[in-house]
Amino acid sequence: MGRLPHCSSSSSRFVLDLRRLVLLGWCAMASLLLQAATAQQQVVVPVGVILDQASPIGERRKVGIEMALEDYYAAHPGSRTKLSPRFRDSGGSVVGAASAAVDLIKNEQVQAIIGPTTSAEAEFVAYLGNTTHVPILSSSATSPEVSPSQTPFFVRTAANDSFQAAPISAVLAAFRWHAAVVVYEDSPYGSGILTALSDELQVVSGTRLMERAAVPVDAGDDHIDEVLYGLMAMPTRVFVVHMSPPLATRFFRRARIAGMMSSEDYAWIATDGVGAVVDGLSSDDVDAMEGVVSLRPYVQVTEQVRNFSARFRERLRRVDPSADFYTHDPTVSMLWSYDTAWAVAAATEASATGGVSSSPAFQTPPQTRTTGSTDLDRLGVSATGAALLEAVQNTSFLGLAGNFTLVDGQLQLAAYEIVNVVGKGTRPVGFWTPEAGITKAPGGGAKGLKAIIWPGDSKYSPRGWVVSPNRKKLRVAVPVKGGFKEFVNVANDSTAGGQKPNVTGYCIEVFDAVMSRMPYPVSYEYVPIPNSSDSYDKFVSLIPEQKADIVVGDVTITASRMASVDFSMPFTDSGWSMVVAVRAETSTSMWIFLRPLTTSLWLASLAFFCFTGFVVWAIEHRINPEFRGTPWQQFGLIFYFAFSTLVFSHKEKLESNLSRFVVIIWVFVVLILTSSYTASLTSMLTVQKLQPTVTDVRELQRSGAYIGYQEGSFIRDSLLKIGFDEAKMRSYSTAEEYADALSRGPANGGVAAMFDEIPYLKIFLSQYCDGYAMAGPIYKTDGFGFVFPMGSPLTPDVSRAVLALAEGDEMALIEKKWFGEPGACPSQQAAGGGAAVGSSSLGFQSFGGLFLITGVVSGLMLVIYLATFVYRERGEVRYDVEEGVGGNSGGSSMRRLRAWLRHFDQKDLKSPTFKTWNEESVRDGSQTRRWVDDTVRNGRRGGGENSAVMPAASEEEAVIGMSPFSISASSEMINAGSSPASKLGTSSFEQRMEEAPHSAETPHLEVPRSTAS
């Protein structure tokens, strides 16, 4: 009994386990059926891959592509398409790559091709893809010569080499290197960067490419050594290397043997062809590149990159256990290969989802089916190529190497990393982005680069050039001149005897002074060039012909010469003009007295004479009887008073301090004017004047007279350009010949004018100043300069030294030593004087300050007087306007104006002048004074109703306070019974003064009386 329950429990457990096994079996079968159904629905798309499978890089790229496809389909299990890579080996040759591409398209019917590796291989395959409409995607063909614009079915999934031009230019500019040499691989990959690099260096950073040295891909050691020795012979020590890794490693090995990697003078800048793979090179190759600064595309190391790197190493170890692993493995180019395969898989899925898949994959045109004689003719055209190409170009995602975005069929790069090859690998020293330029950290931050270890383990940046590449003295060519030896004088010039020449002169001393100011020693020696003065253009051509290192002398800077050489800053005056003979001139004009002053000065003087006279009259008119009278008298007084100051004969007494101050300033101005006029007129009448025989260049051209110029000078060509006849031009060499030709004149075998540069003309006039003068316009040139080869690094330093010399006193001392005192004339100094060349009249500009002073003073005094007059008389004028004195016709403004003018024309009886004059008039008229006294006494004695009572004031104050005007008014008021106000408006002041004595003697005088209070 006890066993039954146990048997029942065991059987139940067995049944449950059996059911589970059946369920698991059904689930497994369903999964297998589902996978089989999915596999049947997926479309297998063949994709070709062309690699150099024998190389380590090709092996790594194959592993990366396989991992990319596996990762993509693992992340997208429901994809309707699946790429099937078909790998082909190019063998590292263009023919192998072309053969592989034909095989993939013809036999495998691939829809796209990834690869090939090099730009040369990709160029042919791209044209093949363009013909068959098969997209060609390359993550390593970076040459700009393989362009998607020329082959639309070519897609560059790497950075274009031309993108490196900007960061390279920024690196050169950071160290202020103005010259560089490009050493490039003689292949489509190497030469493709030259145009972009040249434009970027010259336009943006101002660096000049001195040389472009090409090295063939298969060059042997002897050929590389020949190129290196040619670079060593150049003064430039900055080299930009653009080569593929195999050639670059051999090149730097030979450079190390030549000693160019251990010298502190050299600076090597390598493109990403070196920087992207330098960590994968052998230790000996890295050691040969120590001190090189290189670029490589910047990839941010994310968690996905670390994960892929670990899986990549493990996968590579399984594939090739003997493979070497790099410090930065996988490299940027391998990450681009991974992203390329991912992009093709995504684009294939997108194009298949759109329903563009078709069969057959390739369609052969009908005409080529019968006429095609080669495999290329019978390849056909891909039916899905155009749709797949469009899908690839529109694909965008965040890949391992960064954002995968195609613009115009090319991958866009965000930043470059700048690395320094040190020890066994590289060390980041900076980053470059188009927005921020060079920074020490990615994404911005501090500007500039970190410390760099240069060749020779130097911590100091190379200067970038050397003065003499072969350690010899620089050859400084100097001209051997027949005349004007003040500039360059070569003595003991015996080339046959080997005697060292003695070279002196102004140009030589300036050059020696400039070299002594250089920040580094420069060793040089002077080499005289015979017959160099015959043609200075040929003399300058010694530089491009490499027969001289520097040319020093009286060489003018011209645009034509600068096309082949460089000039320093000019160290002399610029321009050229002409010297002519002068003739004595004696003036017999009856109007010579007008010549000392120009027309503008005459008119200005007349205007200020009138203005000064008007100001004095306006101030003195109301207070000074000498400035009154009829209008014509006053008008004449204004001019008479002002012009009488010329001889200081004015006798009018001035009463106002304002007018006195005006006259004081004006007399000072008149004194200077008259003195200057007298001196100028005396000079014109007594000193002999010399006038140039010719003053206008056009006059010489019209007359067809003979003209001269210095032999070998550029002046000849300049004269021809401005229209002179070559048959009328004669060349001369010395100052003596200049003087002889000018003195004889064109009629006697001489010339009418001598054209030359300003420095030569100054020397000539300093020796022959008596009888000759400079005339005509001055045509601008750039002066004398020192000549250097194109792009010579000496040029900017010498120019700075020239400027520093010119700013000090040393340049003036050198000029004084060789040319004497400026403007000195030995012949005139020996004779104690001489004739004056010309005689210019005095102009308004010379006396503008004086006229300004007197004008401001006169105007200010007039304003002060008018302001005081208006303020003091405003009450009386307002009373006259309100009472209607002078009539009520016109508007209020006109009545007020007439009132002011009428009031201004009246005497100011309150002024001390007229008070004193009134008292003198009263004393002269004794009867009037007695009449006043009697009137006052009678008025005091009288009483009753007819007696007038005087105010409580003293008798003296009463008499002084009265004026003849008030006396006359009182007498007339008594006789005529009218008020003083009526007489004030009808009779003048002078009439009332004349009538006052007579009215005072009237026998019947009745004085009004007021009733005493």
Of those in the stretch 766-783 that are of a type in the set (Phe, Trp, Tyr) and part of a strand (DSSP E or B), the residue farthest from residue 755 (Cα to Cα) is 772
Those residues of the stretch 395-411 that are under 44 Å from the mean Cα position of the chain (by Cα) and touching a residue at least 12 places away in the same chain (Cβ under 8 Å) come to a total of 8
Would you tally the residues in the stretch 299-310 being open to solvent by less than 80 Å² (accessible area, probe 1.4 Å) and more than 11 Å from residue 417 (Cα to Cα)? 5
Given (1) on the phi > 0 side of the Ramachandran plot; (2) of a type outside the set (A, V, I, L, M, F, W, C); (3) more than 53 Å from the chain's Cα centre (by Cα), index of the condition residue 115 fails: (3)
Can you report the number of residues in the stretch 64-113 which are open to solvent by less than 20 Å² (accessible area, probe 1.4 Å), of a type in the set (Ser, Thr, Tyr) and assigned to a helix (DSSP H, G or I)? 1
Residues of the stretch 237-284 that turn out to be of a type in the set (A, V, I, L, M, F, W, C) and part of a strand (DSSP E or B), as a count: 8
Scope the stretch 122-152; condition open to solvent by 20 Å² or more (accessible area, probe 1.4 Å) and farther than 18 Å from residue 341 by Cβ; matching residues: 123, 124, 127, 130, 131, 133, 144, 145, 147, 149, 150, 152
Would you please name the residue that is farthest from residue 800 (Cα to Cα), looking only at residues in the stretch 564-577 that are at pLDDT below 90 and not hydroxyl-bearing (Ser, Thr, Tyr)? 576
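Quick one: in the stretch 267-295, of everything that is touching a Lys or Arg at 6+ places or on another chain (Cβ under 7 Å) and aliphatic (A, V, I, L, M), which residue is nearest to residue 454 (Cα to Cα)? Steps first, please.
So the first thing to find is which residues in the stretch 267-295 are touching a Lys or Arg at 6+ places or on another chain (Cβ under 7 Å), and the list is 267, 272, 275-276, 283, 286, 288.
Applying the additional criterion that residues be aliphatic (A, V, I, L, M) yields 267, 276, 286, 288.
Working: 267: 7, 276: 19, 286: 14, 288: 12 Å.
Here the answer is 267.
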In the stretch 285-298, residue surrounded by the most Cβ atoms within 10 Å (Cβ to Cβ) [restricted to those that are in a strand (DSSP E or B) and not polar (S, T, N, Q)]: 296
Say whether the condition of being modelled with pLDDT under 90, part of a helix (DSSP H, G or I) and surrounded by fewer than 17 Cβ atoms within 10 Å (Cβ to Cβ) is met by at least one residue in the stretch 324-337. no
Applying the selection to the stretch 61-111, what residues are of a type in the set (Val, Ile, Thr), more than 56 Å from the chain's Cα centre (by Cα) and closer than 21 Å to residue 157 by Cβ? 81, 105, 110
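Identify, from the list 541, 568, 523, 532, the residue that is assigned by the TED database to the domain that holds residue 478, under 24 Å from the mean Cα position of the chain (by Cα) and touching a residue at least 12 places away in the same chain (Cβ under 8 Å).
On the way: 541 fails: under 24 Å from the mean Cα position of the chain (by Cα); 523 fails: under 24 Å from the mean Cα position of the chain (by Cα); 532 fails: under 24 Å from the mean Cα position of the chain (by Cα).
Criteria check complete, one pass: 568.
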Any chance you could count how many residues in the stretch 186-233 are outside any helix (DSSP H, G or I) and charged (D, E, K, R)? 5
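In the set 116, 148, 144, which member is over 25 Å from residue 44 (Cα atoms), touching a strand residue (DSSP E or B) at 6+ places or on another chain (Cβ under 7 Å) and either assigned to a loop (DSSP other than H, G, I, E, B) or not assigned by the TED database to the domain that holds residue 276 (or both)?
It is 148.
Does any residue of the stretch 741-750 turn out to be assigned to a loop (DSSP other than H, G, I, E, B) and closer than 14 Å to residue 692 by Cα?
So in the stretch 741-750, the residues assigned to a loop (DSSP other than H, G, I, E, B) come out as 745, 749-750.
Those left that are additionally closer than 14 Å to residue 692 by Cα: 745.
Scanning the stretch 741-750 turns up at least one residue that is assigned to a loop (DSSP other than H, G, I, E, B) and closer than 14 Å to residue 692 by Cα.
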Close pairs from the stretch 221-236: first within 19 Å of residue 207 (Cα to Cα), partner open to solvent by 20 Å² or more (accessible area, probe 1.4 Å) and not in a loop (DSSP other than H, G, I, E, B), Cβ under 6 Å, at least 6 apart: 235/465; 236/210; 236/465
When the stretch 836-854 is checked residue by residue, the ones that are at pLDDT below 90 and assigned to a helix (DSSP H, G or I) are 844, 845, 846, 847, 848, 849, 850, 851, 854
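The values are calculated or read from the model by the stated rules, or taken from the named source; none is laboratory data. Please read all numbers here as calculations on a predicted model, not as lab measurements. Note: ideal-geometry Cβ built from the backbone for every residue, glycine included; neighbour counts use all protein chains shown. Areas reflect the complete protein model, heavy atoms only, side chains present, ligands, DNA and RNA absent. Shrake-Rupley method; radii C 1.70, N 1.55, O 1.52, S 1.80 Å.
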